[in-house]
1. Sorted from largest down, what three extents in whole angstroms do the Cα atoms of the stretch A:31-116 have along their principal axes?
2. Between 0 and 90 degrees, rounded to the nearest ten: what's the tilt of helix A:4-30 against the longest Cα principal axis of chain A?
3. Between B:Asn83 and A:Lys150, what is the FRET efficiency for a Förster distance of 22 Å, r being their Cβ-Cβ separation, to the nearest 0.05?
4. Arrange the following residues from fewest to most other Cβ atoms within 10 Å of their Cβ: A:Met328, A:Met380.
5. Working from the pairwise distances between different alpha carbons, so that the mean of 1/r is found and then inverted, what is the stretch A:155-235's Kirkwood radius in Å?
6. Given the pairs A:Lys401/B:Lys111; A:Lys136/A:Lys260; B:Lys57/B:Lys82, which are separated by over 27 angstrom at their Cα positions?
7. Please list the non-local residues whose amide H lies under 5 Å from the amide H of A:Ser196, H modeled 1.01 Å from N, same-chain partners needing a gap of 5 or more.
8. In whole Hz, what ³J(HN,Hα) sequence does the stretch A:46-51 give by Karplus (6.51, -1.76, 1.60; θ = phi - 60°), x for Gly and Pro?
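Values quoted throughout were computed directly from the atomic coordinates according to the rules given, and no laboratory measurement underlies them. Note that this is a predicted model, so its numbers are computed, not measured. Reconstructed Cβ throughout: ideal geometry from the backbone, glycine too, with neighbour counts over all protein chains shown.
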Amino acid sequence: MPSFLTRHVARRAACAFYAIVVALLMFAHGQAHAVPAYARQTGSACADCHAGAYGPALTPYGMRFKLNGYTDTDGQGTKIPVAAQLVGSHNVPARGDSTTQLTEADVYLAGRISDHFGGFVKVATTNDGNDHFSTKLSNMDLRFVAKDLKVAGKDTIVGVSVNNSPGFDDPIAALPYASGLGPPAVSGTLLNLSSSHTLYNRVIGGGVYALYDNDWYGEIGTYNSMPTSVQDHLGFNTASDPGHLSDTGYFRFAYMKDMKRQFFSAGVVALTTKRQLPRNAPSDDITDLGYDLTYQFLGNRENIVQVAYVNILEQRDYGSTPIVNGIMAKPRGDAHDQTLSVTYTFRQSYALQVAHLVSTGTEDAARYPPFGKPDSTANMITLYWTPFGKDDSFTSLANLKLAATWYRFTRFNGAGSNIFGAPPGGPVTNAKDLDAFTLSASVAF
Amino acid sequence: MTKRTLGKTARRALIAGLVCYGAGTLPALAGDAAAGADVFKQECAECHTTKQGKNKKGPSLFGIVGRHAGSIADYNYSDALKNANWEWSEEKLHWYLSQPARQANPGTKMKYSGLDDAKQLDDLIAYLQSNH
């Protein structure tokens, strides 16, 4: 029979899982970076920056807009940098009751202040269940950029980004905090937005970035977690505090090649920090090292294929080694997150996205009961339609997205069946019981 | 006899036609406007439209062939293009688009590296010519 501590940890894992599922649903619905305020500012259509006219995946043109600090304009006067999004959804979990609800209402302050200053700020009001809404500062990316510089005779952009999620400001936007896609994880990396105690939106920092000769991108920065009082004021549940961070460094380097009909990139990313979680605990030394590869076939934009693969390995040197059920936790461990996503978009309106999401980690009987493995495997399959947001559509400055999404789980907590280790006769939860299907409608204007 | 006379006339008409074709309008006739529409989407559509009065980051290219450079009243051109004293003929477009924009017109805001595929360039110009 499992001990109290084992049951407690298992219960925590179950709670964490359901939080992850809810978060996945929210990320999948709420990621609208095709902000109509940008379309009004630039005269461009949503589809110029986003293959499926809604985002968040960027076209090479969208990457340049982001690198230019959201400051590009059609030169026809000042536009009000405000936009909004409403998301409604019908969720059908494999186990549990179906729900139909207003999922999210967002306000965006997004646009240019001058030729050198611009930003993206999202304030989200989310339905936390039973029509209990909470408002929080979601994504933030404020930029200063110096464009049209020449270094060794080559075009160069140099900028500064202040943001609240390392990697959110990345131009290629394949990293989890920018793509909104990361594997559901019991023990995920710091750069995975689905990890428990994620840094996503809970830290403040940023860095200096540069794009050299249109192809070479580099960024160096640092972050600090917001004090719990600030997180509370900004609308976050402090129970998910990412802990106290110190000596934090963020590094990014990538080669990206825009060939008009095709695009590819190869990049590396690193995040290193000392984390105290809880804040009075000994610090863990954590280093994330990752790489990402992307490819886009754009052609004449009738048939677009986007492929992205992200692989992040986290090495941990734990500050403490607790004893659970007489077993001492290991002093070191790894977490490993991988995401492969393929999206096909027809006429910039109809899209199918298939994602394979895997999170694994070092076996540790004390840290990951009952099986000692934190591994999870999931798939996300989304079919969606975005009727507007093109130059020749009813409106190019607003959009609607109707989506059907299926979340499929084949492994969680290190197992495919009885994932929480229920004793014989007890209620068994299998990985597939956590599958979910959802229909959603999003409108941005 | 009648046949021979008609043959001479036809040959003269053909020669005259070829002379005219070679003298002034070869680039437009060489290009395929339908194929040029695809080239436009690939090379230009992010910054330009061919809709009348619709500017994006770059000005509308509706009726560009035959228009004087820097002449759309409600578009904020660079000084370099405002001061460019030329008309966008097919030949001028061919010259301009076959090289980096900043080489053709130093000081322009347009960031374009040029189209070095001659067939695509002909097709594109044929498409632009067709938008009036």
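1. Taking the Cα atoms of the stretch A:31-116, the three principal extents are 52, 25, 18 Å.
2. That works out to roughly 20 degrees.
3. My answer for the efficiency is 0.50.
4. Numbers: A:Met328 12, A:Met380 21.
By the 10 Å Cβ count, ascending: A:Met328, A:Met380.
5. On the way: mean 1/r = 0.0732 Å⁻¹.
Over the stretch A:155-235, the inverse of the mean reciprocal pair distance is 13.7 Å.
6. Distance filter (> 27 Å) returns A:Lys401/B:Lys111; A:Lys136/A:Lys260.
7. Correct list: A:Gly188.
8. 3, 5, 5, 9, 10, 3
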